[in-house]
1. Search the stretch 25-47 for residues being within 20 Å of the chain's Cα centre (by Cα), at pLDDT 90 or above and of a type in the set (A, V, I, L, M), and hand back the single one that is nearest to ILE3 (Cα to Cα).
2. How do the pairs read when you match residues in the stretch 20-49 that are closer than 23 Å to SER10 by Cα and part of a loop (DSSP other than H, G, I, E, B) with residues anywhere that are open to solvent by less than 90 Å² (accessible area, probe 1.4 Å) and at pLDDT 90 or above, using Cβ under 8 Å and keeping only pairs 6 or more apart or on different chains?
3. State which residue is modelled with the lowest pLDDT when the search covers only the stretch 48-73 and only residues that are among the charged types (D, E, K, R) and touching a Ser or Thr at 6+ places or on another chain (Cβ under 8 Å).
4. When residues of the stretch 1-19 are filtered for being touching a residue at least 24 places away in the same chain (Cβ under 8 Å) and surrounded by 11 or more Cβ atoms within 10 Å (Cβ to Cβ), how many remain?
Amino acid sequence: KVIGTLMRISDYRRRKDGKLTLLVHPIERFAVTNVVQQFPYSVADVQLLPDFEKNSDGKSREMAVRETFQYMSYEHDTEVKLPLP
């Protein structure tokens with residue numbers, strides 16, 4: 001069984017050699033149920049896999065990952081405003 005992750009592309013950069021660098025955010029996991037096409041691009045039917053797995057603290061994996069990527073107040077100075085490009 002092939003398992004994958006549905007991703008949202010939030011930003012990209014085209015490099016000088018023509019390749020792309022992508023900034024992606026995971027949305028949901030899925031399982032491939034049927035391969036429809038392989039060439040020139042892969043196309044498949046999929047089944048979304050809800051994430052109900054709990055860790056040892058009783059939290060879902062989704063909540064644990066969200067908390068991991070949250071900034072804590074001691075990690076940055078909220079008074080400093082950096083210019084965005």
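1. ALA31
2. Within 8 Å, the pairs are SER42/VAL35.
3. Let us first name the residues in the stretch 48-73 that are among the charged types (D, E, K, R), namely 51, 53-54, 57, 59, 61-62, 66-67.
Going one step further and asking which of them are touching a Ser or Thr at 6+ places or on another chain (Cβ under 8 Å), we end up with 51, 53-54.
Numbers: ASP51: 69, GLU53: 61, LYS54: 57.
Top of the filtered list is LYS54.
4. Here is the first cut: in the stretch 1-19, the ones touching a residue at least 24 places away in the same chain (Cβ under 8 Å) are 1-6.
Filter again for surrounded by 11 or more Cβ atoms within 10 Å (Cβ to Cβ), leaving 4-6.
Adding up the residues that qualify gives 3.
The values are calculated or read from the model by the stated rules, or taken from the named source; none is laboratory data. Not measured: the values here are computed from a predicted model. Here Cβ is always computed from backbone atoms with ideal geometry, including for glycine, and neighbour counts include all displayed protein chains. The area values use the complete protein model at the heavy-atom level, side chains included, leaving out ligands, DNA and RNA. Shrake-Rupley method; radii C 1.70, N 1.55, O 1.52, S 1.80 Å.
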